[in-house]
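Presented below is the structure to which this report refers.
The values are calculated or read from the model by the stated rules, or taken from the named source; none is laboratory data. Treat the numbers as computed from the prediction; the structure is a model and nothing was measured. So basically every Cβ, Gly included, is an ideal-geometry build from the backbone, and we count neighbours across all protein chains shown.
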């Protein structure tokens, strides 16, 4: 039978606030256990949560970025369950009146087309703490530093039809929240996590099949692999005439398989009710418009502009626009050089290679955008040739020079890379090279006319060796002229 | 609305309350009575009434996003039954 895959994602993104959603404790990552868990986070009696205005602003910003309805009146609810990393016995979340209503984003498919994926809703909630099961002599250790960290949970419609589409959606959301600056997007620290709802149905059938939910997948690659593995598992069962059990599963990346989480004997009943400690959150059009005015250019718009206004290929534009800090770096370089294509080549070539080799992000690159911009300026005015430009770039990578654009000029001088374009000077160098290598000259003169273009290579090498920074085009012209004079 | 005894057991389980089997009858009766009382609310005409999220006619106030709490771990952990290396210890839980 032919099956259709149905996927919906729930993405949790940690909002990049300084303090927690309902308390003044720090949200900084990596602190000693429980040093950032205050009385509110611990759920001690008598405390009162107070909502963080920045968490609200960030959630609204997100809603506007995905063209969603903004909840002018949103309400916090209590979701009740018992688990040691949730000391209050309930999670404060939003059930019926979320801050963000129906919206949408577009994802790019492999064939170059785009597909619209609708977002059902996005709501604010608090994160729970962390349990550590090893190293406590049969006990579990609880660290509540993360408890109360603001999250936005983004729920998609079940509109994705392949693992690839799901991964593209997750990537796009990552790109959007990092562009907005509302989430640091650091997947390794759990700043974004994803629950994947997967089901199959016979192609053509309208009714959804029974779904399973894969919890807490935390990388782009694992979203794709986990869903692929789950699709294969479900298909095996269905093809054998079995049926799918609705359950929560975990993805084991080492074994590349999903497995059922131990199911609770009693079905959870979260007994939601409006939180009496928090009043309804009311915002008006003025507030919404003020937030809208702070929206940056978003990845889709930036990509389109790179193509339309600056003639980049759609592939180059997509890569450069996907990450905001990369895009900002690229545009600073392109502005300084006044050449988007040259900047695109460098950022995707030498810069990307350096980032991969050094395993760093663009923010840690020792070569600033201003410096690379200056290098490209010097290429464009013929002060540097391509080889010289790479040499300066590598010197900066190794930490030579300071971090100013002026140090590029200083390095060009100290490394003797300034390109010699003066024909008179180059003629003298070429004459010397020819005089020093009579055998090579003889060989060249014996080369048939149609093969001489290739035979000129060694002379170019020798000339450039004799005088670093000679303009290769001028060298070529002078060599051709001098050699033709010889016969 | 009448609860049966299994529902009473489920509610106790969800609330992590231990109840004595001999008291099941009482709980069943009392809880059902409370629900009957609540059911009277259903008789009210609420066609033109907006759902109320909070009994106070007030709006949530917001706080500035500033870290105002310092580390008081030692103080808080004095009342914890068991701690180690800064962690609160609980009976082992593994999903």
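Values as computed for the structure displayed
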item: So residue A:232, is it surrounded by fewer than 15 Cβ atoms within 10 Å (Cβ to Cβ), modelled with pLDDT of 95 or more and over 30 Å from residue A:57 (Cβ atoms); result: yes
item: Whichever residue in the range B:2-30 is closer than 22 Å to residue A:89 by Cβ and more than 14 Å from chain A (Cβ to nearest Cβ) and, among such residues, is surrounded by the most Cβ atoms within 10 Å (Cβ to Cβ); result: B:27
item: Filter result (more than 23 Å from residue A:412 (Cβ to Cβ), assigned to a helix (DSSP H, G or I) and either in contact with a helix residue (DSSP H, G or I) (Cβ under 8 Å, 6 or more places away or on another chain) or in the same structural domain as residue A:383 (by TED's automatic domain parsing) (or both)) within the range A:437-461; result: A:440, A:441, A:443, A:444, A:445, A:452, A:455, A:458, A:459
item: Residues of the range A:68-86 satisfying the condition of being surrounded by 18 or more Cβ atoms within 10 Å (Cβ to Cβ) and either assigned to a loop (DSSP other than H, G, I, E, B) or free of Cβ contacts under 8 Å to residues at least 40 places away in the same chain (or both); result: A:68, A:71, A:75, A:76, A:84, A:85, A:86
item: Residue check for residue A:271: in contact with a strand residue (DSSP E or B) (Cβ under 9 Å, 6 or more places away or on another chain) and under 18 Å from residue A:197 (Cα atoms); result: no
item: Hits in the range B:54-76 (condition: modelled with pLDDT under 90 and surrounded by 15 or more Cβ atoms within 10 Å (Cβ to Cβ)); result: B:54
item: Qualifying residue in the range A:416-428 (condition: touching a strand residue (DSSP E or B) at 6+ places or on another chain (Cβ under 7 Å), touching a residue at least 24 places away in the same chain (Cβ under 8 Å) and either part of a helix (DSSP H, G or I) or farther than 30 Å from residue A:362 by Cα (or both)); result: yes
item: Matching residues in the range A:32-65 - criterion: being in contact with a strand residue (DSSP E or B) (Cβ under 6 Å, 6 or more places away or on another chain), surrounded by fewer than 22 Cβ atoms within 10 Å (Cβ to Cβ) and part of a loop (DSSP other than H, G, I, E, B); result: A:33, A:50
item: Residue A:384 vs. criteria surrounded by 12 or more Cβ atoms within 10 Å (Cβ to Cβ), more than 26 Å from the chain's Cα centre (by Cα), closer than 17 Å to residue A:336 by Cβ and in contact (Cβ under 8 Å) with a residue 24 or more places away in the chain; result: yes
item: Residue match in the range B:39-53 (condition: out of contact with any helix residue (DSSP H, G or I) (no Cβ under 8 Å at 6 or more places or on another chain) and crowded, with 16+ Cβ neighbours inside 10 Å); result: yes
item: Filter result for the condition that a residue is within 11 Å of another protein chain (Cβ to nearest Cβ) and either surrounded by fewer than 14 Cβ atoms within 10 Å (Cβ to Cβ) or out of contact with any helix residue (DSSP H, G or I) (no Cβ under 9 Å at 6 or more places or on another chain) (or both), over A:268, A:256, A:286; result: A:268
item: Residues of the range A:347-368 satisfying the condition of being within 21 Å of residue A:418 (Cα to Cα) and touching a residue at least 40 places away in the same chain (Cβ under 8 Å); result: A:350
item: Which listed residue, of A:109, A:9, is loosely packed, with under 15 Cβ neighbours inside 10 Å, within 21 Å of residue A:177 (Cα to Cα) and touching a helix residue (DSSP H, G or I) at 6+ places or on another chain (Cβ under 9 Å); result: A:109
item: Single residue of A:137, A:127, A:143, A:85 found to be within 12 Å of chain B (Cβ to nearest Cβ) and modelled with pLDDT of 95 or more; result: A:143
item: Hits in the range A:292-303 - residues which are within 18 Å of the chain's Cα centre (by Cα) and either at pLDDT below 95 or assigned to a helix (DSSP H, G or I) (or both); result: A:299, A:300, A:301, A:302, A:303
item: Set A:56, A:64: member being at the interface with chain B (Cβ under 9 Å from one of its Cβ atoms), in contact (Cβ under 8 Å) with a residue 60 or more places away in the chain, within 30 Å of residue A:296 (Cβ to Cβ) and within 28 Å of the chain's Cα centre (by Cα); result: A:56
item: Members of the range B:39-88 found to be within 8 Å of chain A (Cβ to nearest Cβ) and in contact (Cβ under 8 Å) with a residue 12 or more places away in the chain, listed by number; result: B:73, B:86
item: The one condition in (1) touching a helix residue (DSSP H, G or I) at 6+ places or on another chain (Cβ under 6 Å); (2) more than 10 Å from chain B (Cβ to nearest Cβ); (3) touching a residue at least 60 places away in the same chain (Cβ under 8 Å) that residue A:117 fails to fulfil; result: (3)
item: Selection status of residue A:44, in the same structural domain as residue A:167 (by TED's automatic domain parsing) and in contact (Cβ under 8 Å) with a residue 24 or more places away in the chain; result: no
item: So residue A:158, is it part of a loop (DSSP other than H, G, I, E, B), within 27 Å of residue A:16 (Cα to Cα) and either touching a residue at least 12 places away in the same chain (Cβ under 8 Å) or within 14 Å of chain B (Cβ to nearest Cβ) (or both); result: no
